[in-house]
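The structure appears right after this line, and notes come after that.
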Amino acid sequence: MEKQKTDLQIKKDEIRRQILEKRNNLSSKEVDKKSELIIENLAPYLKNAQNIMIFMDMKNEVRITKLIELYPEKKFFISKIVNSKNREMKINKYNENELILHKFGYYESSSKEYCDEKILDLIVVPGIGFDCKKNRIGYGGGFYDNFLTKVRKMKKGILCVAVCYDFQIVEKIPTEEHDVRIDAVVSEKRVIV
């Protein structure tokens, strides 16, 4: 028997649906232009970071993988789901030659060599919706909530910054106990800290 969704989960699903519809309707040109501006606004966070975790963008997400060519002197890491049941992610060093397509449509590393998350200075976080209090809604799996909680316990002061289009910032994101706030939200129009 399927578990009944709470009102909060229904509200989150509705926010996801509305934002994804807008995001899916962006043209490739709009995505590139907005992504460029977002990366410019993200620059102050990148300046002092050496080891940066990014996500492998897919569909119309912010083209964050552009950072790899823009900042060749930095080390980039990508996440990999290692245990779906426990919502566990680990990180691999980014290596273009090791990328394989995941069933959900994004690329991940084929390597089983995982890095210690403590080396990270900055985590660039994906998501679907955000608010001015830096709450976030992802795809609903809880993987980033678990990962960010784990990493913040290991290393104090690690920066977790979300990137999104400005229309992804809504008035209020409904939150649950397990939801993790981020340190900043960067769009093409503003930075929320």
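The values are calculated or read from the model by the stated rules, or taken from the named source; none is laboratory data. What you see is a predicted model; the values in this text were computed from it and never measured. Note: areas computed on protein heavy atoms with side chains; ligands, DNA, RNA excluded. Shrake-Rupley method; radii C 1.70, N 1.55, O 1.52, S 1.80 Å.
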Among the listed pairs Lys47/Lys93; Lys47/Lys189; Lys3/Lys90; Lys33/Lys93; Lys133/Lys153; Lys74/Lys133, which are separated by more than 23 Å between their Cα atoms? Lys3/Lys90; Lys33/Lys93; Lys74/Lys133
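Given only helices, namely DSSP H runs of n ≥ 4 each adding -39500 (n - 2.57), what is the per-residue ellipticity at 222 nm of the chain, to the nearest 500 deg cm²/dmol?
-9000 deg cm²/dmol
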Cα-based Rg/(2.2 N^0.38 Å) for the stretch 93-193, rounded to two decimals, is 1.15
With every protein chain left in place, what is the accessible area of Glu61 in Å² (1.4 Å probe, nearest 10)? 10 Å²
Can you pull the three principal axis extents for the Cα set of the chain, in Å, largest first? 45, 38, 33
Which one, Ile52, Ile137, Ile119, has the greatest fluctuation when you compute a Gaussian network model over the chain with C-alpha springs under 10 angstrom? Ile119
Looking only at Met53, Met154, Met89, which one moves most when the chain is put into a Gaussian network model with springs between Cα atoms under 10 Å? Met154
What do you reckon, how do His178, His102 stack up by accessible area (1.4 Å probe), largest on top? His178, His102
Spelling it out for Glu88: with amide H atoms placed in the peptide plane at 1.01 Å from N, the residues 5 or more places away or on another chain with amide H under 5 Å from its amide H are Val82, Asn83
Please work out how much accessible surface Phe167 shows to a 1.4 Å probe, ignoring ligands, DNA and RNA, in Å² rounded to 10. 50 Å²
Just the accessible area per residue of the stretch 17-93, please: how many Å² with a 1.4 Å probe? 56 Å²
Under 8 Å for C-alpha pairs, at least 6 residues apart: give me the relative contact order for the stretch 67-174, rounded to a whole percent. 24 percent
